Amino acid sequence: MINLQLAADYLRHQFKAKTRHGVHSPFAYRLVDKVIYDFHAKPFYNTIESLRSELLKDKRCITITDMGAGSHVNNRKQKQVKTLAKNALKPAKLAQLIHRLAADAKPGNIIELGTCLGLTTAYLASAAPKAKVISIEGCPETASVAKQNLSKLDIHNTELLVGNFDKLLPEVIAGLSKLDFVFIDGNHRKEATLDYFKRCLPKLSENSIMIFDDIYWSLGMKEAWQEIKAHKDVTVTIDLFWIGLVFVRKGQVKEDFMIRF
């Protein structure tokens, strides 16, 4: 079933959004021109996408446990891996954009909230092979498949934590002196999203980037995105509809960009 509100939001976004030619900030222009609009194939793309093709045919059944929302009652249901791959994995175009953003940022550490089957984790880890990548997943059986996938791809710079986001994320943040690259792709509720943002904010630096997934997914997510954009410490945001990029560059003129992607 088509989400009519999401479709309407997308059309409005396309009407308002600009390309690189409508961006006058040198910082944002370079990011759009050299990173966001860099559609050239990268060495690791084919390897990960070959694994995606395998997962789309994988008939194994696993038990999905929904712990991301911090609920006291865990919802469990059986699902085939191929169904999860079809409905929950980031599309190649978006996962590869996240890969390019990580490669450009050259982070020392990466936090990913929501591992799923590990493909976006693989894109992040391959983009910054010297970075410490910490990915958090709420579902144990999904995390198990993700670990297998990362092993198949010969990726070893990741640490996969399994459990409740609300408990594990503060522990991860506390263990790092600063946060270089944060990708929030789990628990798409307004309150949770704002909580994750506020917890990360004190440890963001001039060169840090936060990425929020599904910023138009619901009314609550749209409200959360507006609050994040309006925060006094946020100087630059880039709204790509599917994801939102957040920067806290001191001395930078506060600007919000809507970019067609």
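Go through 218-224, 195-201, 43-49 and give me the packing order, highest mean Cβ count within 10 Å leading.
Highest-to-lowest ranking by the protection proxy: 195-201, 218-224, 43-49.
Set the bar at 23 Å for Cα to Cα. Now go through 178/232; 34/93; 178/198; 147/203; 42/152; 167/190 and name every pair that lies beyond it. Let's see the in-between values first.
Details: 178/232 19 Å; 34/93 16 Å; 178/198 14 Å; 147/203 28 Å; 42/152 19 Å; 167/190 18 Å.
Over 23 Å apart, Cα to Cα: 147/203.
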Suppose all protein chains stay in the model; what accessible area per residue would a 1.4 Å probe give for segment 54-177, in Å²? 45
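Take the Cα gyration tensor of segment 57-157, multiply each eigenvalue by 5, square-root it, and list the three semi-axes largest first, rounded to whole angstrom. Before the final figure, lay out each step's value.
Working: eigenvalues 119, 46, 29 Å².
Equivalent-ellipsoid dimensions as semi-axes: 24, 15, 12 Å.
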Using the per-residue mean of other Cβ atoms lying within 10 Å as a proxy for protection, in what order, highest first, do the peptides 94-100, 205-211, 4-10 fall? 94-100, 205-211, 4-10
Cross-link partners of residue 132 among aspartates and glutamates (Cα-Cα below 20 Å; sequence separation of 8 or more within a chain): 104, 112, 154, 159, 171, 180, 185, 206
Packing-wise, with mean Cβ within 10 Å as the measure, how do 83-89, 122-128, 238-244, 173-179 rank, highest first? 122-128, 238-244, 83-89, 173-179
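The values are calculated or read from the model by the stated rules, or taken from the named source; none is laboratory data. Source: prediction; values computed, not measured. Note that each Cβ is placed from the backbone with ideal geometry, even for glycine, and that neighbours are counted across all protein chains shown. Protein only, heavy atoms only, side chains kept; ligands, DNA and RNA dropped before computing areas. Shrake-Rupley method; radii C 1.70, N 1.55, O 1.52, S 1.80 Å.
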